[in-house]
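Peer 1: Sharing a structure, written as structure tokens. Questions coming.
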């Protein structure tokens, strides 16, 4: 008999996230994967600054707090200290990973560090009040772009999976979302593969999760989930952007063309 219950790797305490925020869903998926792979005692999570700054309260595995944007660098050090035993993951938002932490992200990927990154893209700075983020959509209204993001003044959004897929290093890059049951199941499959890649010593895996921020988007939770379908997915298409073991990625397309 299957019983639906809280994963052992997820602490039994209330979360601080806003109503309708999808951080809680992704936390549960990560915890379920840790349980299913039987790696709780070996796992170290790295949480930097952002809405997920208190992730150390929610996961029962060992957790380390990193400076803003530096989670991949900290994860690199932790993993290299005991590469055969430790399973190391970072849990980062878009302001953290794709702005102040861009260098750490790119170079960890280029080195194919054997770590797993869970990247939450909600297209806005959530913790600090809803400012424009590097992933905010063209025309998106935020606290610092009240007339919509002007690409002529602010440039275009950073598409992390597309950018990293051009590097030789990364093993696996996939973009998913959690705005309906089917997408939640697919997100779990991707997260589990990313952790399994690390266990198998394949190298750098990053899962980008398109997520909702009803509070800072100024929407109801229901409308925020719809907005992911209507606005975010057309700009940030879901799918596998690189899977080196499977021969998926821009470099393989170039080789086929030649």
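Every number here is computed from the coordinates shown, using simple stated rules; none is lab data. These numbers were taken from a predicted model, which means no experiment stands behind them. Cβ coordinates were reconstructed from backbone atoms using ideal geometry, including for glycine residues, and neighbour counts include every protein chain displayed.
Peer 1: In 5 Å bins starting at zero, report the fraction of Cα pairs in the range 107-207 per bin as a rounded %.
Peer 2: 3, 12, 18, 17, 17, 15, 11, 5, 1, 0
Peer 1: Tell me the mean residue ellipticity at 222 nm calculated for the chain from its helices only (DSSP H runs of n ≥ 4, each -39500 (n - 2.57), averaged over every residue, nearest 500).
Peer 2: Helices in the chain give a 222 nm mean residue ellipticity of -9000 deg cm²/dmol.
Peer 1: Based on the alpha-carbon set only, what is the convex hull volume of the range 1-118 divided per residue, in Å³?
Peer 2: 106
Peer 1: Additional query: Provide the percentage of antiparallel DSSP beta bridges, counting only those with both residues in the chain; round to the nearest 5.
Peer 2: Among the beta bridges of the chain, antiparallel pairing accounts for roughly 25 percent.
Peer 1: Rounded to whole Å and sorted largest first, list the principal axis extents of the Cα atoms in the range 1-62.
Peer 2: Per principal axis, max minus min of the Cα coordinates gives 36, 26, 16 Å.
Peer 1: How far apart, in nanometres, would the label points at residue 42 and residue 4 be if each is projected 7 angstrom from Cα along the Cα-to-Cβ direction?
Peer 2: Taking the two extended label points, one gets 3.1 nm.
Peer 1: If you don't mind, another one. When the gyration tensor of the range 203-244 is built from Cα positions, what are the square roots of 5 times its three eigenvalues, in whole Å, from largest to smallest?
Peer 2: Listed largest to smallest, the semi-axes of the range 203-244 are 26, 12, 6 Å.
Peer 1: Now for a separate question. How high is the relative contact order of the range 23-257, in percent, counting Cα pairs under 8 Å that sit 6 or more residues apart?
Peer 2: Once divided by the residue count of the range 23-257, the mean separation gives 18 percent.
Peer 1: Taking the Cα centre of each part, how many Å lie between the range 104-155 and the range 11-49?
Peer 2: 22
Peer 1: Further, regarding this structure: Kirkwood hydrodynamic radius, computed over distinct alpha-carbon pairs, for the range 23-257: how many Å, to one decimal?
Peer 2: 17.7
Peer 1: Let me ask something else. I'm checking a number: the convex hull volume of the Cα atoms of the range 51-109, normalised per residue, in Å³. What is it?
Peer 2: Taking the convex hull of the Cα positions in the range 51-109, it is 76 Å³ per residue.
Peer 1: Expressed in whole Å with the largest first, what are the equivalent ellipsoid semi-axes of the range 144-258 derived from the C-alpha gyration tensor as the square root of 5 times each eigenvalue?
Peer 2: Equivalent ellipsoid semi-axes, largest first: 29, 20, 12 Å.
Peer 1: Further question: With springs only between Cα atoms under 10 Å apart, run a GNM on the chain and tell me which of 35, 82, 94 wobbles the most.
Peer 2: 82
Peer 1: Translational diffusion coefficient of the range 46-185 at 37 °C, 0.692 mPa s, Stokes-Einstein with Kirkwood Rh over Cα pairs, in µm²/s as a whole number.
Peer 2: 206
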